[in-house]
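Novice: Questions regarding the structure given below will be posed in turn.
What follows is calculated from the coordinates using simple rules that are stated; it is not laboratory data. As the structure is a computational prediction, the values presented were derived from the model and not from experiment. We place every Cβ from the backbone using ideal geometry, glycine too, and count neighbours over all the protein chains shown.
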Amino acid sequence: GSCRHREYVEERNPPIMSTDDHRPGNAPVTDEALVAAAHEAAQHAYAPYSDFRTGAAVLTEDGTIHAGALVENLVFGLAMCAERVALFNAVTASEAKPVALAVSAPRTAGTRTFPCGPCLQVAIELGGPDMRVLAATPDEEGYDETTVDELAPGIPRRRGGPAE
């Protein structure tokens, strides 16, 4: 028999752009470049059940972009949101603190889609309440900007850790 994952991988677009694609020389990463990385990551989403192709990109304080895409599973609890994939990729690749998170997703109820509660909980743990969040929609210009704290003011926080 054939492996569905292998078929999926072969159908995918070219690899997600690297940080160098966004930063000519040592120029700082712009919000637009971070959003572009999230849009590109969304093209790699594995969303056979919802077709809600979501991508995310995390900027760390060292100027590196870490991308992530939604990965669904037949068992809903095993799916992983793009935002957490990108945040976990940032932790895996670097000790630098996340400072911004861009999300690319279809609109939800007519408005731009922001991270869910569990993703905000991970974001506040790793980046803190002032971590910037940029929400963009594929095929539309611009993005909406806020912070983790503005999206989830009452969310639990670590005391004495990097999120404070």
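Novice: If we scan the stretch 135-158, do we find a residue that is under 20 Å from Val85 (Cα atoms), of a type in the set (D, E, K, R) and in contact with a strand residue (DSSP E or B) (Cβ under 7 Å, 6 or more places away or on another chain)?
Specialist: no
Novice: While we're looking at this one, here's another question. Please count how many residues of the stretch 31-56 are part of a strand (DSSP E or B) and in contact with a Ser or Thr (Cβ under 8 Å, 6 or more places away or on another chain).
Specialist: Residues meeting the conditions: 2.
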